[in-house]
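Visitor: Would you mind keeping the following structure in view while I ask a few things?
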Amino acid sequence: MVNGIERPLDLLNNSKNKEVLVHLKGDQQFVGTLLAFDIHINLVLDNTKEMKDNELKRNIGLTFLRGDTIIFISPASTALKKE
Amino acid sequence: MVNGIERPLDLLNNSKNKEVLVHLKGDQQFVGTLLAFDIHINLVLDNTKEMKDNELKRNIGLTFLRGDTIIFISPASTALKKE
Amino acid sequence: MVNGIERPLDLLNNSKNKEVLVHLKGDQQFVGTLLAFDIHINLVLDNTKEMKDNELKRNIGLTFLRGDTIIFISPASTALKKE
Amino acid sequence: MVNGIERPLDLLNNSKNKEVLVHLKGDQQFVGTLLAFDIHINLVLDNTKEMKDNELKRNIGLTFLRGDTIIFISPASTALKKE
Amino acid sequence: MVNGIERPLDLLNNSKNKEVLVHLKGDQQFVGTLLAFDIHINLVLDNTKEMKDNELKRNIGLTFLRGDTIIFISPASTALKKE
Amino acid sequence: MVNGIERPLDLLNNSKNKEVLVHLKGDQQFVGTLLAFDIHINLVLDNTKEMKDNELKRNIGLTFLRGDTIIFISPASTALKKE
Amino acid sequence: MVNGIERPLDLLNNSKNKEVLVHLKGDQQFVGTLLAFDIHINLVLDNTKEMKDNELKRNIGLTFLRGDTIIFISPASTALKKE
């Protein structure tokens with residue numbers, strides 16, 4: 001499953017067009033389809049859902065997320081199934 | 001809908017002259033027409049409205065927003081309709 | 001009104017020698033005439049007034065403001081009339 | 001045991017494919033298998049567990065962790081055995 | 001009075017050997033004679049007084065102030081007379 | 001005792017393979033043997049002990065400490081004897 | 001007394017081998033003999049005393065202080081005599 005991850009950005013590349021969980025400073029959480037990222041870890045997510053305590057807070061659709069406030073990013077297939 | 005987004009800044013480019021929702025650190029929120037942006041994610045919005053709990057707090061018209069305090073930016077067409 | 005704004009700094013350039021509203025982190029607000037700015041968004045304002053809840057807190061005259069603590073800058077003509 | 005550590009990143013290199021304990025600002029703690037890291041100390045962990053007071057909070061599987069929020073990283077073999 | 005201010009640092013240059021008011025993050029305030037500054041807005045002040053609520057807290061004489069914590073700098077002639 | 005310290009990093013170099021006290025932001029303290037450091041003040045410590053109010057909180061063995069959160073580093077021979 | 005201070009770092013250079021007062025973010029204060037500094041304002045102090053409300057909290061001897069957390073540095077001859 002983890003083949004081909006030589007550098008941290010490889011995981012983001014493998015997650016393109018897949019659902020990811022993004023956890024921000026200040027305990028904010030987003031779930032959405034990863035469309036694009038850059039070396040600053042700026043992201044574009046589609047069908048983004050803002051979550052609070054595993055409950056949907058609101059849908060914000062297509063979203064540009066600044067990398068600066070991100071703590072971690074997980075493919076939703078591994079992160080959400082186990083919760 | 002998400003055609004042509006290869007890099008995060010492509011979403012900002014697609015949103016020019018359209019209404020966007022900008023969420024800042026410290027729970028401040030702005031809605032306005034995106035006129036310009038740069039690689040630091042500094043923005044210029046027109047007809048900017050400062051929002052608090054989805055209520056209009058004040059109109060601040062034309063505004064330069066420093067990228068440094070931004071958490072996320074969403075096209076208002078997707079972000080606001082679903083709220 | 002918004003002609004000629006291709007990049008965010010164009011708004012600052014258009015606002016030279018005009019009154020601007022500057023909002024800082026920590027809810028500090030200044031109103032003054034924009035004399036100069038640089039790419040770090042360091043500003044010089046003249047006839048600067050420190051505001052608190054739309055009331056004048058004190059006059060601090062000519063002021064150098066470090067860009068680092070700035071959240072947004074608005075031409076006072078659009079920002080203040082609508083409040 | 002500590003042979004071959006000339007520069008700080010050598011410890012991360014020695015810890016590849018091994019379990020590490022990662023402590024973040026704000027008292028968050030993760031345990032997982034270190035798959036990749038870069039000079040910004042961005043990490044990819046596999047089988048990541050989010051811990052709280054030495055108790056498992058949740059499994060988040062494969063995870064990209066931004067270096068920016070990390071305080072320390074320890075090989076789990078030395079860090080966890082002694083707790 | 002404001003002739004010759006093309007760039008923000010021009011105000012600091014004009015204020016050399018004059019008294020300035022320096023306001024730091026965390027509401028600390030210093031008054032002293034500006035002897036030197038650099039592009040990081042590091043300052044050296046002489047006859048520095050640490051102020052609290054417009055009262056003298058202590059004299060700290062010659063002082064190196066790191067630019068990083070500075071919010072604004074005003075020539076004391078304009079800032080202090082009007083208080 | 002302080003011969004040969006021309007630049008700050010010389011003290012770290014002199015402290016290699018010796019016990020150091022590392023004080024972090026947020027009042028965390030570590031004691032361990034300094035194995036390696038770089039210009040970002042990232043450190044590797046061995047036999048690291050996390051301290052709280054001069055009491056041992058836990059042993060975390062071999063540790064990579066990000067420089068970003070460090071306030072000061074002292075050779076334990078001078079820092080701990082005098083406490 | 002202030003001859004020869006053209007740039008901020010000149011004050012640090014003049015203070016070498018003299019006692020300085022260093023004030024950090026979070027209200028921590030150190031007094032010690034300045035042995036070395038660099039352009040990041042990293043310092044090495046000898047005979048360092050950690051102070052709290054002008055009382056000695058503890059002796060930490062030889063110390064490397066990261067510039068990042070420093071607010072101001074004063075020659076102790078001017079800063080401490082006047083307190």
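Visitor: Taking the axis about which chain G rotates onto chain C, which residue of G lies nearest it as judged by Cβ position, and how many whole Å separate them?
Guide: So the chain G residue sitting closest to the axis is G:ASP68, 9.
Visitor: For chain D, set up a Gaussian network in which alpha carbons nearer than 10 Å are linked by springs, and say which option among D:LYS16, D:LYS49, D:LYS57 fluctuates the most.
Guide: Its mean-square fluctuation being the largest, the pick is D:LYS57.
Visitor: Can you check what the net charge comes to around D:ILE41, using other residues whose Cβ is under 10 Å from the Cβ of D:ILE41 (Lys, Arg +1; Asp, Glu -1)?
Guide: Numbers: positive: D:ARG66, F:ARG66; negative: D:ASP38, D:ASP68, F:ASP68.
Every neighbour counted, the sum reads -1.
Visitor: Report D for region B:8-79 in µm² per second (integer): Stokes-Einstein, Kirkwood Rh on Cα pairs, 37 °C, 0.692 mPa s. Can you show the working numbers first?
Guide: Details: Rh = 11.9 Å.
Estimated diffusion coefficient is 276 µm²/s.
Visitor: Hey, another quick one. Within 10 Å, Cβ to Cβ, of F:ASP68, how many net charges do the neighbouring residues add up to if Lys/Arg are +1 and Asp/Glu are -1? List each step's numbers first, then the result.
Guide: On the way: positive: D:LYS25, F:LYS25, F:ARG66, G:ARG66; negative: D:ASP68, G:ASP68.
So the environment of F:ASP68 carries a net charge of +2.
Visitor: Let me ask something else. Using a cut-off of 14 Å between alpha-carbon atoms, which aspartates and glutamates can reach E:LYS25, once sequence neighbours fewer than 8 places away in the same chain are excluded?
Guide: C:ASP27, C:ASP68, E:GLU50, E:ASP68, G:ASP27
Visitor: Note down the net charge around G:LEU24, summing +1 for each Lys or Arg and -1 for each Asp or Glu among other residues with Cβ under 11 Å from its Cβ.
Guide: Details: positive: E:ARG66, F:LYS25, G:LYS25, G:ARG66; negative: G:ASP27, G:GLU50, G:ASP68.
Net charge in that neighbourhood comes out at +1.
Visitor: Using alpha-carbon pairs under 8 Å, 6+ residues apart, how would you state the relative contact order of region B:8-79 in percent?
Guide: Once divided by the residue count of region B:8-79, the mean separation gives 33 percent.
Visitor: How big is the charge dipole of region C:8-75 about its Cα centre, in debye rounded to the nearest 20, if each Lys and Arg gets +1 on its Cβ and each Asp and Glu gets -1 on its Cβ?
Guide: Roughly 120 debye, rounded to the nearest 20.
Each value in this text was obtained by applying a stated rule to the coordinates, not by laboratory testing. Owing to the predicted nature of the structure, the values given are computational and were not obtained by experimental measurement. Glycine also receives a Cβ, built like all others from the backbone with ideal geometry; neighbour counts cover every protein chain displayed.
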